[in-house]
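Q: Right, I'll just put the structure down here and ask away after.
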Amino acid sequence: MTIDQDLVARRWAAADADADRVLEDERWFLEVRRPTAVSIGVGLTAVVVALVGFLVLPRGEDDAARIVLGAVLAIAGVIALVARGVIVSRRRRLRGQAYPTVTTVLAPRERHAIARAADGRATPPEDRLRIVRAAAVLRSDAGRIAEVLWLATVYSSFLLMSGSYAAVVGVLYGVVAAVGAVQAGWTWFDVARVRRYLRRTMTPRTGA
């Protein structure tokens, strides 16, 4: 075995070890718990409130209400994002997972191949099924939706508070808020797509 082949084998072995740990916790990822559902609902509401506030609240010298509401939403978003980060990090430590995702250790081309297989766009080889399923399980976490919704809330809060800023700054915040909203929609779609793949394949955890 050459040095390059040895490195490739080590990468896949590390990914496979992390996949085992993720699949042991598969039920935790697939279950949409009440706190997660509430976080998604509140996060979506917060984005709507920020956008409605931007449209209806007065601008100019009398924009105190915009600033207060924007600050409250921004603080709530930051708190929610920090809490999400702590929960994910703690859960990963409890699993003994070495990397944030099962494909972190892989080369970019290998990660891309796993990502395509994880949502059903490609058929993985038999010896990669566990890694693919673990990658799909991580992507199916509904907490990802809550995370991007709260990120969009923070972006939208900046847009809401931009009433007293120069027009160019307001446009910039508007673009950022729009990007956040698109990201939230795409993440929602991606989670649903990966969950459909998992239901369709139901690969045995002892397979590969």
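The values are calculated or read from the model by the stated rules, or taken from the named source; none is laboratory data. In this text the structure is predicted, and so the values were computed from the model without any measurement. Here the Cβ positions follow ideal geometry from the backbone for every residue, glycine too, while neighbour counts run over all protein chains shown. Calculation scope for accessible area: heavy atoms of the full protein, side chains included, ligands and nucleic acids excluded. Shrake-Rupley method; radii C 1.70, N 1.55, O 1.52, S 1.80 Å.
Q: Return the only residue of THR36, THR45 being open to solvent by 50 Å² or more (accessible area, probe 1.4 Å) and of a type in the set (Ser, Thr, Tyr).
A: Values: THR36 fails: open to solvent by 50 Å² or more (accessible area, probe 1.4 Å).
Criteria check complete, one pass: THR45.
Q: Among the residues in the range 184-191, are any open to solvent by 50 Å² or more (accessible area, probe 1.4 Å), under 25 Å from ILE87 (Cβ atoms), at pLDDT 90 or above and touching a helix residue (DSSP H, G or I) at 6+ places or on another chain (Cβ under 7 Å)? Working first, answer last.
A: Narrowing the range 184-191 to residues open to solvent by 50 Å² or more (accessible area, probe 1.4 Å): 186, 188-189.
Then keep just the ones that are under 25 Å from ILE87 (Cβ atoms); that gives 186, 188-189.
Adding the requirement that they be at pLDDT 90 or above leaves 186, 188-189.
From what is left, the residues that are touching a helix residue (DSSP H, G or I) at 6+ places or on another chain (Cβ under 7 Å) are 188.
Checked against the condition, which is being open to solvent by 50 Å² or more (accessible area, probe 1.4 Å), under 25 Å from ILE87 (Cβ atoms), at pLDDT 90 or above and touching a helix residue (DSSP H, G or I) at 6+ places or on another chain (Cβ under 7 Å), the range 184-191 yields at least one hit.
Q: Test LEU51 against the stated conditions and say whether it is farther than 26 Å from ALA115 by Cβ and at pLDDT 85 or above. Give the steps one after another, and end with the answer.
A: On the way: farther than 26 Å from ALA115 by Cβ: yes; at pLDDT 85 or above: yes.
Answer is yes for this residue.
Q: Has the range 48-56 got at least one residue that is open to solvent by 50 Å² or more (accessible area, probe 1.4 Å) and assigned to a loop (DSSP other than H, G, I, E, B)?
A: No, the conditions are met nowhere in the range 48-56.
Q: Inside the range 115-132, can you point out the residues that are open to solvent by 10 Å² or more (accessible area, probe 1.4 Å), touching a residue at least 12 places away in the same chain (Cβ under 8 Å) and part of a helix (DSSP H, G or I)?
A: ALA115, GLU126, ASP127, ARG128, LEU129, ARG130
Q: Follow-up question, since we're still on this one. Has the range 89-102 got any residue that is open to solvent by less than 20 Å² (accessible area, probe 1.4 Å) and in contact (Cβ under 8 Å) with a residue 24 or more places away in the chain?
A: Keep residues of the range 89-102 that are open to solvent by less than 20 Å² (accessible area, probe 1.4 Å), which gives 97, 102.
Narrowing the set further to residues that are in contact (Cβ under 8 Å) with a residue 24 or more places away in the chain leaves 97, 102.
Yes, the range 89-102 contains at least one residue that is open to solvent by less than 20 Å² (accessible area, probe 1.4 Å) and in contact (Cβ under 8 Å) with a residue 24 or more places away in the chain.
Q: Related question: Name the single residue that is modelled with the highest pLDDT among those in the range 194-208 being assigned to a helix (DSSP H, G or I) and open to solvent by less than 40 Å² (accessible area, probe 1.4 Å).
A: VAL194
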